[in-house]
1. For a label point 7 Å from the Cα of ARG134 along Cα→C-beta, name the residues of the stretch 152-177 whose backbone N is under 12 Å from it.
2. Please compute the contact order of the stretch 107-177 in relative form: average sequence separation of alpha-carbon pairs under 8 Å and at least six residues apart, divided by the residue count, as a percent.
Amino acid sequence: MDRRGQKLRFAAVAVFVVLALTGFSTSKGHGRSSHSGGGGGGCSSSSQNHDSSSSSGGTSGSTYHDYDDDDDYTDDTSGGGSSSTSATLRDATVELIDCATPSEPYATVEVTNPNATGGYFTVTVDFLDAGSRRVEQRSTDEYVGGNDSTTVQVDLSAPGVAAKVDHCEAEPYASAS
């Protein structure tokens, strides 16, 4: 029996060494110690389920999540939506170039984006009569590249309205939209 005991002891030590070298441990935790505060299993596949109760049809509802996979994802997109982008963009500056005339029923403005990132900006122009009363106020959204300027046309609602317009005033800033 002494020989059989030595063989069992050798087998146990060999299994322990193999487990230690492959990163498996006897703890129930999953993931690295930097995520869960404890040791973890050595499996790297998030498709494996290590909870024996749920893999055998149990009702615990526990599913395995490989937290280590989360380290590889970086959110470098700027467009989950334009609202997150517009919150970080400074307003563009607007300069009136030409006002509307009967032959050209639109105002022309230059929009300058001071941001390194391009975005859409809302340009607003007041079309005024000779007494500086508003005939119409019109707005348009325009994309302007990062650190760039773009000429934008702001149309009147109808060509006939241009006959009533004496001069224009552009809002000095266009907000990110």
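1. Output list for this probe position: 169, 171.
2. Result for the stretch 107-177 is 45 percent.
Any read-out appearing in this document is the output of simple, stated calculations on the displayed coordinates, not a laboratory observation. All figures in this text were calculated on a predicted structure; none of them were measured in a lab. Note that we place each Cβ from the backbone using ideal geometry, even for glycine, and neighbour counts take in every protein chain shown.
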